[in-house]
Structure formats: C-alpha cells, structure tokens
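Trainee: Please see the structure below; I have some questions.
The values are calculated or read from the model by the stated rules, or taken from the named source; none is laboratory data. A quick note: this is a predicted structure, and the numbers were derived from the prediction, not measured. When we count neighbours, we look across all protein chains shown, and the Cβ atoms used for this are built from the backbone with ideal geometry, even at glycine. All accessible areas refer to the heavy atoms of the entire protein, side chains included, with ligands and DNA or RNA removed. Shrake-Rupley method; radii C 1.70, N 1.55, O 1.52, S 1.80 Å.
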Amino acid sequence: LKREAIDTLQSVADAEALEAARVKYAGQKKGALKDVQKLMGSVASEDRKTAGMGFNEAKNAIADALQAATDRFSQGGASGADPTFDPSLPGVRPRIGHVHPITQTITHLTEIMGRMGFEAAEGPEVEDPHHNFVALNIPEDHPARDPLDNFYLATAQAAEKSNTEGSRLLRSQTSTVQIRVMENKQPPIRVISLGRVYRPDDPDATHFPMFHQMEGLLVDKHVTMANLKTVLRVFATNYLGDDVQIRFRPSFFPFTEPSVEVDFLWDGQWIEFGGAGMVDPNVFKAVGYDPDQVSGFAFGLGVERLCMRRHGIKDIRDLYSGDMRFLSQF
Ligand code: PHE
C-alpha cells in the first residue's frame, strides 16, 4: 500500500489527480490508511508493536509524499515544478481599465441635470422615420430626410416598399426620445436623454459620423423661454464654470417654435453647443397632447463639444482612436 501510494503521488499530473489520490489514501473517512488502522484491533497482541510501527512509518511516508506533491503544484502551476519561476521577483500589476471620457461626461451631465429634477430616459439607436422625422414635424420632402444625410439601413422591408415608412435608420438626433417619452407619459415631464446619434459626415477635428447628444425636454403648464434659458445657464455654469455666459441666436428647427441656437461664452469665445426652442404645437398633436393645455421647451447639446471644451481636447477623433496614451489621461 505504501509503495503504491507513494508512486501515485509522485506521478500525479495535476491538482485534481492529486486531490483524488489524497482522498483515496489519506482520506479521513474512507482512505486506505484508515482501513488499515481499523484492522489493527484484530492483530494479535504480540504482533501489535511491530504492526503499529510499520503502520506509522507508512503513514508518515505517505504524508511526506503528499506534501511534496502539494508543494509541486503550488509553486510551478499545473504542469509541475517550473524551474524558471522565481518567487522573489516583483509581480506584474494587472492593467485595470477605466471609464471612457465620454462616459464620464455623460455621468457628470446626468448628475447636474438630475439636481434640477431631470430624469434620464433612453430610446433605441435604430429608429423608424416616424420617431426620427414625422412626429417631429419633419415632412417627407424635408432635406433632413435625404438618404445622403442619414444612415438608412438596408432592410428587406425597405427594399420591398417604395414608401419610407417601412425603413429604418440610425437616429440622427436624440429628439426621437422626446417623442417616445411623450407617447408613454402624460405631463408634467422633465427628462434628459443622453446617447449616440449618427450622421454621414467625413471625420475631421470637429466631425465624426457617430457622436453623442444630450436632449432635454420639459413639458408642463405655462413653460416659457425664460425657463429654458435659466435651465441652460444653470447647466453651463455647473459644467463649464461660474463665468460662463449664455446667448440665444434665432434659428429654425421643425419641432420647435420659436427656435434658437445656444452659444456659451467661455474663455472670451462664443461657441455653439446646440439647438433649443419651445416645443412646436404639431409635435404635441403628434403625441396626443393638447397644445392649448400644455407648453414646453426642448434642447439638444453636443456631448463631445462639452467634454472637449472642459478638458481642452482639440480633435474629436482622439476620443474614438482607442489610443491608450490619450485615453489614460482621463
Ligand atoms: N435635434 C436638434 C439637432 O440635432 C437639436 C435640438 C433639440 C433643437 C431640441 C431644438 C430642440 O440639431
């Protein structure tokens, strides 16, 4: 028994086999050694001394072999002793990832807007023309629906039908989420939606075919343009700094009336961060609200632009290069 046990322990190939051998020979309940020990009682008394010594010797030898085999695995990995392993060398610290600067920005913006009572809402990135255009008061012949300015998906449905209703596209703006929220909820509403949008722009320092927007929507009774400006000013001073000023320039969006471009003055420079306005009555009608009963404002700001301003990033492409030398700075 001793020979067999020691041979087995010397040749076990992995930790599992070692454990099996341990249970087989030295197990506390059913191990072979225990069986032998139980037989000791039936040994004639004059032989007991020799038998006891023999037993103890076998037991110790097996314990030594077991220890040796255990040491082998704990040092050299599953393949046995590794002569190149030097336990005195310093370890290699595992590389730990961290949150992408745009994700950090999204968390930060969500937190600032949350303090003003805006809840985060989400919508799909693959949209139908109804949510991306129709309900937002963008008619069929509007240039914003041009296939050259949108990523339409080559779905079987789109190929079959000549009308655009069956088609799908990557959303070109987060205003789609306004519609989805209002379709499912009655006013008062106070939401933001942060997410990816897609436009077929050639990448350069300020353009990328995928970017992020922060959409805001507030619907209630007696909402005014002054409320809009206050919310955006409080937001800008929180995110960019106390000295930031805000300016509205007249503009046009099909889903707001009146519409404005939103500029922030920062470091002596006016920079456009997005668009905003009072929700157009046609949008309220599209979601079944009564425009005589409620009013509201909406805005859409560029998340990359905010992040780049705050951190002094000069080229949007750096954010999506995957270059660790750039990303690890944040
Ligand atoms: N969706 C507009 C854009 O992408 C921005 C916007 C949002 C304007 C909400 C007005 C109201 O440019």
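Trainee: Given R₀ = 30 Å, FRET efficiency for Asp204-Val234 by Cβ-Cβ distance, to 0.05?
Mentor: 0.40
Trainee: Return the long-range amide H neighbours of Ala120 (sequence gap of 5 or more, or a different chain), with a cut-off of under 5 Å between placed amide H atoms.
Mentor: HN-HN under 5 Å from Ala120: Ile192.
Trainee: What is the gain in length, in nm to one decimal, between Asp14 and Phe326 on full extension, counting 0.36 nm per residue of separation less the C-alpha to C-alpha distance?
Mentor: Extra length available between Asp14 and Phe326 comes to 107.9 nm.
Trainee: How large is ³J(HN,Hα), in whole Hz, for each residue of segment 201-213 in order, when computed from phi with the Karplus curve 6.51 cos²θ - 1.76 cosθ + 1.60 and θ = phi - 60°, using x for Gly and Pro?
Mentor: For segment 201-213, the Karplus-derived couplings read 9, 6, x, 8, 4, 10, 10, 8, x, 10, 8, 10, 10 Hz, x marking Gly and Pro.
Trainee: Check each of the GluC sites (Glu not before Pro) in segment 55-142 and keep only those in coil by DSSP with at most 12 other C-beta atoms within 10 angstrom; list them in order.
Mentor: Glu140
Trainee: While we're on this one: Using Cα positions and a limit of under 24 Å, work out the lysines in reach of Lys29, with same-chain residues fewer than 8 apart set aside.
Mentor: Straight-line reach from Lys29, under 24 Å: Lys2, Lys38, Lys59.
Trainee: Separate question: Give the accessible surface of the chain per residue, rounded to a whole number of Å², with probe radius 1.4 Å and ligands, DNA and RNA excluded.
Mentor: Normalised by residue count, the accessible surface of the chain is 57 Å².
Trainee: How many nm is it between the label spots at Ser251 and Ala226, if each spot is 7 Å from the Cα in line with the beta carbon?
Mentor: It works out to 2.4 nm between the two label points.
Trainee: For the charge dipole of the chain, defined by +1 on Lys and Arg C-beta atoms and -1 on Asp and Glu C-beta atoms about the Cα centroid, which residue among Gly277, Val294, Ala121 has the Cα displaced farthest towards the positive pole?
Mentor: The one lying farthest along the dipole's positive direction is Ala121.
Trainee: Counting only C-alpha contacts under 8 Å and six or more residues apart, can you give the relative contact order of segment 1-100 as a whole percent?
Mentor: Normalised by residue count, the contact order of segment 1-100 is 30 percent.
Trainee: With loop defined by DSSP as not H, G, I, E or B, and exposure as at most 14 other Cβ atoms within 10 Å, which is the longest segment of the chain clear of exposed trypsin sites (Lys or Arg not before Pro)?
Mentor: The answer is 222-313.
Trainee: Further question: Over the Cα atoms of segment 103-235, what radius of gyration and what Dmax do you get, in Å?
Mentor: 16.3, 49
Trainee: Oh, and also: How much length would be gained if the chain were fully extended between Met53 and Asp242, taking 0.36 nm per residue of separation minus their Cα-Cα distance, in nm to one decimal?
Mentor: Full-extension gain reported as 59.3 nm.
Trainee: Okay, moving on. Would you mind working out the magnitude of the charge dipole of segment 236-324 relative to its Cα centre, with +1 at each Lys and Arg C-beta and -1 at each Asp and Glu C-beta, to the nearest 20 Debye?
Mentor: Computed charge dipole of segment 236-324: roughly 100 debye.
Trainee: Report the Cα-based extents of the chain along its three principal axes, largest first, to the nearest Å.
Mentor: 112, 48, 40
Trainee: Return the carbon/sulfur percentage of the accessible area of the chain, one whole number, probe 1.4 Å, all protein chains in place.
Mentor: Within the chain, the accessible surface is 53 percent carbon and sulfur.
Trainee: Sum up the charges of everything whose Cβ sits under 10 Å from the Cβ of Arg190, counting Lys and Arg as +1 and Asp and Glu as -1, but leave Arg190 out.
Mentor: Surrounding charge for Arg190 is -2.
Trainee: Within the chain, which DSSP H helices have Cα atoms that stretch 20 Å or more along the helix axis and a mean Kyte-Doolittle hydropathy of at least 0.0?
Mentor: 225-240
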